[in-house]
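Participant: Let me begin by handing over the structure; questions about it come next.
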Amino acid sequence: MSSLAAARADNYYYGPSYGPQHGSLNKYRGSHGALGDRAKRLHEGILIIRFELPFKCICTKCGSYIAKGVRFNAEKKCIGNYYTTKIWEFRMTCYYCDNTFAIKTDPEQCEYVILEGLHKKVETWDAKDADLPELPSQEEQAAIRADPMLRLEKTADDKSKAEAKKSALEALIDLQDDREDHYALNSALRRTFRSEKEEIERQKEEDSKPKNFAMPLLDESHEDRVEASAVRFKGASATVRQHHRRKNIETQSIFDGSGNGAGGKKRSAPAAALADAVAKKARNGNGFLRSDGPRSRIEGLLAKQKPSRAPLLSKLAKR
């Protein structure tokens, strides 16, 4: 790079039209140097900076909460002095409305003070709630140093608290010792991942096999088992049961041994089954006893005839 190009890169180049009457180079070019547009109101003593809220606030106009650390483009201006320390004012606009609020520094109290447009959100905090040790105040420390008995009581109290916390501290030490071997932890973690990966691959292979369904099925869950156990299938209605009972009666033989036999003794189940088989064989061999034989036709006529002719037909049926 030539010396002329280097001078231009460093903003030290003075063109032919520049003269001493123009003042500084930045004034001649109408710029503010490295500050840029942030110094456009520098003649009023105002510089644009990025300002972070030092605490949580509430906008007085829209009621929006503004968290701690939110940044704004603020106008920084000196409004006074505390001895030799300047007091700065920061003025900015709310993100949620057109409200303008201002905050200033307080060198005497070493804090920020809200001037307008905001309310500081008050938050109470206790070290006991966070389970942290509470540090004694300066007055308590001075009293402990001046009173030996109070110092002895404080020491005994601290020992009792330490004894109560001893088990928890030992548990934390054991936990740190267990996590100290990084290689063993990494090996155990990789072993777990490998087993899970093998299980996933096995499940994928099982799912890839052809099924009797056109779409993939999800894994069985506890909800599925509960819903399946709650299903109750509807049984046969009374009409259907009556139809089957009537059909069985129509197909049974009149010589079934369901009733009492000779001598009034009820036959056992094997004897009844044997009698049914013999009766069935007899019906098949004897044309008169078959379902389409003369006997069945006579029984049909008995059902259709009048009661006055029923005894005659009964005698014919017994022959």
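Participant: Go over the candidates 90, 101 one by one and state the one that is touching a Cys at 6+ places or on another chain (Cβ under 8 Å) and at negative phi. Please lay out each step first, then the result.
Facilitator: On the way: 90 fails: touching a Cys at 6+ places or on another chain (Cβ under 8 Å).
Answer to the selection: 101.
Participant: Continuing with this model, one more query. Confirm whether residue 185 is closer than 30 Å to residue 175 by Cα, within 26 Å of the chain's Cα centre (by Cα) and surrounded by 10 or more Cβ atoms within 10 Å (Cβ to Cβ).
Facilitator: On the way: closer than 30 Å to residue 175 by Cα: yes; within 26 Å of the chain's Cα centre (by Cα): no; surrounded by 10 or more Cβ atoms within 10 Å (Cβ to Cβ): yes.
Here the answer is no, as residue 185 does not meet what is asked.
Participant: Report the residue count in region 55-85 for those that are in a strand (DSSP E or B), of a type outside the set (A, V, I, L, M, F, W, C) and touching a residue at least 12 places away in the same chain (Cβ under 8 Å). Working first, answer last.
Facilitator: Initial filter on region 55-85 (in a strand (DSSP E or B)): 57-59, 65-66, 71-82, 85.
The next check asks that each one be of a type outside the set (A, V, I, L, M, F, W, C); those that pass are 65, 71, 73, 75-77, 80-82, 85.
Filter once more, keeping what is touching a residue at least 12 places away in the same chain (Cβ under 8 Å): 65, 71, 73, 75-77, 82, 85.
Looking only at that region, the number is 8.
Residues are listed down the side, and each one gets a yes or a no for (1) of a type outside the set (Val, Ile, Thr); (2) at pLDDT below 90:
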{"residue": "101", "(1), (2)": "yes, no"}
{"residue": "108", "(1), (2)": "yes, no"}
{"residue": "112", "(1), (2)": "yes, no"}
{"residue": "117", "(1), (2)": "yes, no"}
{"residue": "126", "(1), (2)": "yes, yes"}
{"residue": "129", "(1), (2)": "yes, yes"}
{"residue": "135", "(1), (2)": "yes, yes"}
{"residue": "138", "(1), (2)": "yes, yes"}
{"residue": "144", "(1), (2)": "no, yes"}
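The values are calculated or read from the model by the stated rules, or taken from the named source; none is laboratory data. All values derive from a computational prediction rather than experimental measurement. Don't worry about glycine lacking a Cβ; one is built from the backbone with ideal geometry, like all the others, and counts go over all protein chains shown.
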